[in-house]
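Encoded as structure tokens, the structure appears first; notes follow it.
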Amino acid sequence: MDSTNSSFEHRLRDNAGKVEAALGQLLTDAGLSGEITRPRRLLEAMRHGVLNGGKRLRPFLVMETAALLGGNGDAALRIGAALECVHCYSLVHDDLPAMDDDDLRRGQPTVHIAFDYATAILAGDSLLTYAFDIIAAPETELPPDRKIELVLALSRAAGIGGMAGGQALDLAAEKETPDERGITMLQAMKTGALIRFACEAGAIIAGAPAADRQRLRTFGEKTGLAFQLADDLLDLTADATTMGKATGKDAARGKGTLVALHGRAWAETTLAHLVMEASELLSPYGEKASLLIETARFVASRRN
């Protein structure tokens with residue numbers, strides 16, 4: 001293992017620990033100003049859906065892109081935690097029987113199995129709302145205009161034209177398999193939009209020029225596509241124990257994927273090209289971008 005790879009893995013674990021701790025502090029039973037009380041069972045369901053390990057890749061991208069451009073590290077951690085709340089809300093809702101109907105997530109019972117359907121819906125609702133609370137709160141030490149930019153960018157990445165819309169397209173794909181353009185759009189929305197936001201958020205936090213913001217946004221788009229392509233490969237090749245969730249479900253439901261359309265060899269070649277393109281985007285930053293480039297490689301070659 002080379003030193004860059006070793007540094008990346010150490011940094012990924014270190015940041016994941018920081019994010020887990022931040023989320024644990026945010027999801028305590030101590031109410032905030034303006035709150036009346038935090039119902040215990042709802043809070044426990046939220047914690048079950050969030051505090052269950054994971055690589056915390058999206059917060060990592062927020063923190064590393066902010067660091068690349070000289071942004072406030074404490075603010076980046078909080079924005080990363082907010083983004084993870086949105087991501088985890090989406091998983092809680094996607095796992096419901098009306099959506100993807102999964103009983104296992106990261107090797108544990110999904111929220112609706114551990115609690116009940118209604119509590120899972122409310123836990124997801126609460127996590128989504130809390131994300132914007134975290135961004136707007138005075139504890140997130142950023143100028144108001146940057147907070148507004150973050151709220152706007154996250155809203156559009158998570159909503160009708162982003163992740164939620166992508167999930168709607170994914171459900172529709174069970175009835176009518178989309179063509180290649182449709183699959184690419186679906187994946188860019190359902191999976192790619194939050195990864196794109198994670199990278200763009202670092203530039204917003206840092207107050208970086210528009211050119212940097214666009215460069216990091218494009219890096220996020222490439223990384224998001226690589227993430228989904230690798231996920232589709234794993235759905236075909238990995239087992240449930242390795243993945244911590246059910247595999248082979250897309251094929252069983254008749255959903256089209258780019259891997260199913262073009263084959264494994266094409267997917268592996270495309271992943272290599274995406275990593276190369278992502279690396280070239282960050283070349284103006286020199287050695288400072290090495291950990292982000294390693295992140296793109298990790299996303300493309302991950303095993304779970």
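The values are calculated or read from the model by the stated rules, or taken from the named source; none is laboratory data. This is a predicted model, so every value here is computed, not measured. Every residue, glycine as well, gets a Cβ built from its backbone with ideal geometry; the counts of neighbours run over all protein chains shown.
The table that follows gives values for the structure above.
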{"item": "Verdict on Asp14 being surrounded by fewer than 13 Cβ atoms within 10 Å (Cβ to Cβ) and part of a helix (DSSP H, G or I)", "result": "yes"}
{"item": "Candidate set from segment 56-86 (those that are in a loop (DSSP other than H, G, I, E, B) and not polar (S, T, N, Q)); member that is nearest to Ala158 (Cα to Cα)", "result": "Arg56"}
{"item": "Filter result for Ala251 (outside any helix (DSSP H, G or I), at pLDDT below 90, touching a Leu at 6+ places or on another chain (Cβ under 9 Å) and surrounded by fewer than 18 Cβ atoms within 10 Å (Cβ to Cβ))", "result": "no"}
{"item": "Test: Gly24 is modelled with pLDDT of 95 or more, buried (at least 19 other Cβ atoms within 10 Å of the Cβ) and not in a loop (DSSP other than H, G, I, E, B)", "result": "no"}
{"item": "Number of the exception - Asp101 against (1) part of a loop (DSSP other than H, G, I, E, B); (2) touching a residue at least 60 places away in the same chain (Cβ under 8 Å); (3) closer than 24 Å to Asp170 by Cβ", "result": "(2)"}
{"item": "Test: residue in segment 107-128 that is small (Gly, Ala, Ser), at pLDDT 95 or above, closer than 30 Å to Gln214 by Cα and within 19 Å of the chain's Cα centre (by Cα)", "result": "no"}
{"item": "Checking Thr191 against (1) under 24 Å from Leu68 (Cβ atoms); (2) surrounded by 23 or more Cβ atoms within 10 Å (Cβ to Cβ); (3) among the polar types (S, T, N, Q), the condition it does not meet", "result": "(2)"}
{"item": "Positions within segment 166-199 being modelled with pLDDT under 95 and either touching a Ser or Thr at 6+ places or on another chain (Cβ under 6 Å) or not in a helix (DSSP H, G or I) (or both), in sequence order", "result": "Ala173, Glu174, Lys175, Glu176, Thr177, Pro178, Asp179"}
{"item": "Criterion (at pLDDT 95 or above and either over 23 Å from Asp231 (Cβ atoms) or touching a Phe, Trp or Tyr at 6+ places or on another chain (Cβ under 6 Å) (or both)) met by exactly one of Arg156, Arg146", "result": "Arg146"}
{"item": "Top-ranked residue of segment 33-55 - restricted to ones that are in contact with a Lys or Arg (Cβ under 9 Å, 6 or more places away or on another chain) and assigned to a loop (DSSP other than H, G, I, E, B), ranked as surrounded by the most Cβ atoms within 10 Å (Cβ to Cβ)", "result": "Gly54"}
{"item": "Set Leu169, Leu152: member being surrounded by fewer than 14 Cβ atoms within 10 Å (Cβ to Cβ), without any contact (Cβ under 8 Å) to a residue 60 or more places away in the chain and not aromatic (Phe, Trp, Tyr)", "result": "Leu152"}
{"item": "Residue in segment 122-135 that is over 29 Å from Ala172 (Cβ atoms) and surrounded by fewer than 17 Cβ atoms within 10 Å (Cβ to Cβ) present", "result": "yes"}
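Quick grid of which residues meet (1) acidic (Asp, Glu); (2) within 23 Å of Ala157 (Cα to Cα); (3) at pLDDT 95 or above:
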position	(1), (2), (3)
Leu216	no, yes, yes
Ala230	no, yes, no
Leu233	no, no, no
Thr242	no, no, no
Thr247	no, no, no
Pro284	no, no, yes
